[in-house]
Amino acid sequence: MALKPSQLAFEKSLLEERLRYVKRLKEDLEQEGGTTSQMVAAYTSIIDEIISDVALEVHRAVQTGVDDLADVQHRLANGGGSQPPAVPPLPPPVAKGSMIDVFGNVVPPIALDQVACPSCGRKVAAGRFAPHLEKCMGRGRQASRNANKRISAMQD
Ligand SMILES: [Zn+2]
């Protein structure tokens with residue numbers, strides 16, 4: 001298919017413009033410390049770092065047996081096309097006053113596990129164990145108040 005003279009002229013001016021751009025880019029890159037060469041150096045170092053990270057990761061995975069070299073080669077042959085990890089669904093809304101731990105489990109405001117009191121043997125919720133033990137072992141503010149009351153009652 002033959003080009004019309006006007007199309008040829010346009011193609012020529014386009015190519016000339018591209019050549020001028022490449023020449024200018026080359027000149028900019030030859031200027032050490034110039035913006036262009038610094039930018040290219042920065043991108044190059046980032047890409048180098050990413051490549052070495054991936055290489056180290058694959059090397060470690062194969063060495064530790066987490067990954068198989070045949071699997072890696074198979075993935076590379078398929079364009080490295082791994083599916084992006086699925087976004088986990090949002091946790092259900094949580095009732096007011098409850099908290100969520102790092103795994104998304106709902107944590108009750110006080111620990112509800114049953115603990116046996118070593119003093120009286122009663123089962124107490126873990127979140128209430130410390131105040132119970134204080135009372136039970138006769139320590140703490142309330143127990144000493146009770147003891148003071150008993151002492152003053154004896155003195156009367
Ligand atoms: Zn007790």
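The values are calculated or read from the model by the stated rules, or taken from the named source; none is laboratory data. Note that the coordinates shown come from a computational prediction; the quantities given were computed from them, not determined experimentally. Here the Cβ is made from the backbone with ideal geometry for all residues, glycine too, and neighbour counts use every protein chain on show.
Some notes on this structure:
- Residues located in the range 125-140, provided they are near the ligand (Cβ under 7 Å from one of its atoms) and at pLDDT 85 or above: 132, 133
- Scanning the range 23-51 for residues that are exposed (fewer than 11 other Cβ atoms within 10 Å of the Cβ) and of a type in the set (Ser, Thr, Tyr) turns up 35, 43, 44, 45.
- Of all residue pairs spaced 6 or more apart or on separate chains, those with beta-carbon atoms under 8 Å, a first member in the range 103-116 that is at pLDDT 75 or above and a second member that is aromatic (Phe, Trp, Tyr) and surrounded by 10 or more Cβ atoms within 10 Å (Cβ to Cβ) are 115/129.
- Criterion violated by residue 2 - all others in (1) surrounded by 10 or more Cβ atoms within 10 Å (Cβ to Cβ); (2) more than 38 Å from the chain's Cα centre (by Cα); (3) aliphatic (A, V, I, L, M) satisfied: (1)
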